[in-house]
Amino acid sequence: MQKARKVTGREFARYFLRCKPPAGWGKRIGVAYSGGVDSTCLLFLLKRFLQKSSDPTLRSLPILAIHVDHNLRPASHKDAEHCKDWAQKHSIPIKVETVAWGNHPFPSHTQPGFNSKKELYARNARYRAIFDVMKANDVDVLLMAHHLDDQLETAIMRRNRSQLGKAGKRQVTPIGLAGMRHCRRWGMGDPWSGIYGLEGMSRWICRPLLNITKKRLVQTAQDERLEFVQDETNEDHRMTERNRIRALLTTGERNFGLVRAQNPLRPPPDPLQPSSTSLYNFVQEYNALRDDVDHAVEEYLLNHTGDSPVGTYHLITSNGLPPPLVVRHAVVLRILRYVSPFPWGSPDAEAHRQLASLTQITNALWPYETQAELDRFLQLDLAKTRRRFAAGGLVLWQPTPTLGIPITQRTSQIVAKNSALVPSRTSFGWLAQRQPPYNRKYRDHSPNEITIDITAQLFSRKPFRIVWDLRWLLEFPEGAIDSLCKDRFKKAEYREIPPTGEHLRYLITPANQWWQPAVVLADLCYGGEKKTDLQEYSREAKWRPTAKNVHLALPSVTRPHPGVKMTFIRTIDVI
């Protein structure tokens with residue numbers, strides 16, 4: 001058998017720089033360090049690269065190794081000691097966190113059902129512990145040592161789970177088979193693994209080893225004489241689905257049902273050229289497909305986005321034929337994640353990424369495939385027959401017929417160069433907005449707290465911040481209560497009531513149909529129904545999805561009352 005090649009410094013440098021986050025590396029780089037061969041190689045390669053870098057910024061960039069002792073195996077404490085010793089030997093600072101099961105936020109390992117979900121609980125605890133270390137040590141970027149074999153196992157797992165789905169309930173799109181990204185935002189988490197909120201939006205996970213096989217990492221450790229630990233649970237195929245797949249791969253199993261990626265954005269391969277049957281190649285083809293789709297989505301959104309209230313998304317779908325189906329799915333997922341009140345990056349925010357939901361949405365947004373179908377749609381004026389609907393993610397889709405006008409100034413410039421982009425007679429699209437509760441009587445039918453009492457914070461007269469609906473950040477400066485009441489509320493009781501025990505309360509609630517926030521004064525003597533709005537709103541609140549003209553001069557955020565800054569915190573970006 002041919003000997004595997006070790007990972008060279010130049011090769012690692014290329015992969016490391018490829019996964020650089022858009023915001024840069026930050027003040028310090030963290031490395032998830034288990035003590036195994038993968039993370040040991042990553043730490044070694046990273047330190048060597050930074051030391052030899054010609055870039056003084058990289059050369060001075062500090063590293064922090066982060067080890068989590070899950071406290072579930074007798075040998076876990078020995079692994080932690082090994083990690084401390086190895087890091088000290090190589091002059092790398094290290095933080096070791098031991099999971100205290102039964103202490104918040106970790107569940108008790110004696111609770112019923114814990115053992116059956118031990119791997120899931122351990123993973124959630126690991127991410128929470130690592131995140132807390134990152135926050136405490138000014139680490140914005142975490143490197144993880146996942147490699148090409150992990151990518152392959154992930155693709156097979158997702159394909160297997162997709163096969164279990166019924167009527168598309170759990171089926172994944174081809175993009176799902178691409179596995180992990182080289183770089184992604186940490187995200188807001190989810191209710192099951194933990195909520196990271198706003199802080200999760202400013203931190204990143206990078207995986208520079210995704211193009212390198214496990215064998216090459218093992219060979220690198222041998223050639224460089226790196227010491228590492230062996231976790232026996234990784235070899236127990238009874239433990240997890242991933243372990244079972246790994247065991248089958250080591251025996252040469254090839255019947256996993258993976259098919260080659262069909263990429264509509266590239267010319268078809270030459271049938272006369274031999275194609276590789278390597279499973280690694282299958283995964284890399286799906287990765288290439290995802291990269292192409294990401295680029296296509298950026299282009300489509302650039303040319304098909306209309307103005308709308310902040311916190312909503314206006315997609316113009318009438319500008320020519322729809323993109324390929326895989327691109328349409330990706331467009332919908334981006335918009336769902338942007339608008340949804342569920343945590344950004346969670347499956348809930350993307351309608352659980354179920355093929356059935358994506359199919360329902362794409363069929364409604366683009367009810368035509370060919371030019372003939374589009375012409376018929378326009379000729380019969382079928383845009384008027386569209387109705388609003390919801391299909392997951394707590395996102396409501398509303399049709400927006402707009403007659404014969406440019407979409408945005410940016411798009412108008414593009415249209416001027418290519419008039420074929422916009423039909424001459426009509427322009428229409430869809431507005432995606434946060435879905436209100438199903439019944440106004442039960443306003444708290446929501447994944448988040450949508451009425452927040454800030455009376456105590458205001459009367460402390462200290463600065464504070466509130467993340468509302470996991471979509472908006474409200475920042476109150478010192479003495480905000482005085483600024484809020486200066487011009488509109490002359491009565492002393494509005495500024496001098498104690499934070500508890502009185503009938504007047506200061507609340508953050510939905511301001512309008514677009515679910516933008518408002519600071520209001522509520523009189524509990526009237527059951528909380530009589531409210532005086534403290535928020536000045538622009539004409540954004542008057543925008544209507546059926547307006548004839550969507551080319552409005554809208555501000556980038558709602559104009560707050562003096563002293564309160566409101567910012568929409570979600571992003572439409574791919575990562």
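The values are calculated or read from the model by the stated rules, or taken from the named source; none is laboratory data. Since this is a predicted model, take the numbers as computed values, not measurements. Methodologically, a virtual Cβ is constructed for each residue, glycine included, from the backbone with ideal geometry; neighbour enumeration extends over all protein chains shown. The accessibility values were calculated without ligands, DNA or RNA, using every heavy atom of the protein model including side chains. Shrake-Rupley method; radii C 1.70, N 1.55, O 1.52, S 1.80 Å.
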Could you check, for the stretch 328-341, whether at least one of its residues is open to solvent by 30 Å² or more (accessible area, probe 1.4 Å) and either assigned to a loop (DSSP other than H, G, I, E, B) or at pLDDT below 95 (or both)? no
Subset of the stretch 368-400 (residues that are open to solvent by less than 10 Å² (accessible area, probe 1.4 Å) and among the β-branched types (Val, Ile, Thr)): Val395, Thr400
Pairing a residue in the stretch 129-140 that is farther than 15 Å from Leu198 by Cα and open to solvent by 50 Å² or more (accessible area, probe 1.4 Å) with any residue that is in a loop (DSSP other than H, G, I, E, B) and not polar (S, T, N, Q), where Cβ atoms lie under 8 Å and the two sit 6 or more apart in sequence or on different chains, gives Asp138/Gly26; Asp138/Lys27; Asp138/Arg28
Just checking, does the stretch 14-30 include any residue being under 16 Å from Ala122 (Cβ atoms) and modelled with pLDDT of 95 or more? no
Any hit, the stretch 92-115, residues being more than 23 Å from the chain's Cα centre (by Cα), surrounded by fewer than 20 Cβ atoms within 10 Å (Cβ to Cβ), in contact (Cβ under 8 Å) with a residue 40 or more places away in the chain and part of a loop (DSSP other than H, G, I, E, B): yes
Residue within the stretch 338-352 that is among the β-branched types (Val, Ile, Thr) and either without any contact (Cβ under 8 Å) to a residue 40 or more places away in the chain or farther than 20 Å from Tyr196 by Cβ (or both) present: no
Can you list residue pairs whose Cβ atoms sit under 7 Å apart, with the first residue in the stretch 420-440 being over 12 Å from Phe389 (Cα atoms) and at pLDDT below 90 and the second being buried (at least 17 other Cβ atoms within 10 Å of the Cβ) and small (Gly, Ala, Ser)? Count only pairs 6 or more apart in sequence or on different chains. Pro423/Ser318; Thr426/Ser318; Thr426/Ala383; Ser427/Ser318; Phe428/Ser318; Phe428/Ala383; Pro437/Ser446
Of the residues Ser39, Ser34, which is modelled with pLDDT of 95 or more, in contact with a Phe, Trp or Tyr (Cβ under 7 Å, 6 or more places away or on another chain), within 23 Å of Trp186 (Cα to Cα) and not charged (D, E, K, R)? Ser39
Is it the case that some residue within the stretch 60-68 is over 29 Å from Leu279 (Cα atoms), open to solvent by less than 40 Å² (accessible area, probe 1.4 Å), at pLDDT 90 or above and in a loop (DSSP other than H, G, I, E, B)? yes
Let me spell it out: the conditions are (1) surrounded by fewer than 22 Cβ atoms within 10 Å (Cβ to Cβ); (2) modelled with pLDDT of 95 or more; (3) within 21 Å of the chain's Cα centre (by Cα), and Leu365 meets all of them except one. Which number is the exception? (3)
